[in-house]
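These notes are about the structure you will find just below.
Laboratory data are not the source of any read-out in this text; all were calculated from the coordinates shown. Keep in mind the model is a prediction, meaning the values are calculated, not measured. Glycine also receives a Cβ, built like all others from the backbone with ideal geometry; neighbour counts cover every protein chain displayed.
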Amino acid sequence: MAYDIFISYSRKDKEIARIICDRLSQNGISCFFDLTSIQGGDEYQEIIIESIEKAKVFLIICTPDSMQSTWV
C-alpha cells in the first residue's frame, strides 16, 4: 500500500507520533505508522523499505531519542 506520509520516530516518542498520525488521518492523509501498519507475521523490514519508497513524504520526528536510534 502507498501512504501519503511515512512517519519515522523513536519508540520512546510513540505517543506524540500516534497523535500526529491520528490528526493527519482525521484530515484524510494516510500515514505509515508501524504500530498499526505492520501486522504480526509480516516481514517488517521489507514492508518498511517498500513503504518509504512509495510514500509521498518522509516525516522524521526529531527528538533526542530519535537522534540516538539505530532505526531512525
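Computed quantities for the displayed model
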| item | result |
| --- | --- |
| Sequence-separation-based contact order of the chain, relative, with Cα cut under 8 Å and 6+ spacing, percent | 54 percent |
| For region 59-72, 3J(HN,Hα) per residue [Karplus equation, 6.51 cos²θ - 1.76 cosθ + 1.60, θ = phi - 60°, Hz, x = Gly/Pro] | 9, 9, 8, 8, 9, x, 5, 5, 6, 9, 6, 5, 7, 6 |
| Gain upon complete extension [I47, D65; 0.36 nm per residue less C-alpha separation] | 4.2 nm |
| Peptide ranges 14-25, 44-55 listed from the most packed, as the mean C-beta count within 10 angstrom indicates | 14-25, 44-55 |
| Derived scalar couplings ³J(HN,Hα) [region 29-36; Karplus, 6.51 cos²θ - 1.76 cosθ + 1.60; whole Hz; x for Gly, Pro] | 9, 7, 10, 8, 10, 3, 5, 10 |
| Amide hydrogen neighbours beyond the local backbone of S10, cut-off 5 Å, H modeled | S66 |
| Value at 222 nm in deg cm²/dmol, rounded to 500, when DSSP H runs of n ≥ 4 in the chain each add -39,500 (n - 2.57) | -12500 deg cm²/dmol |
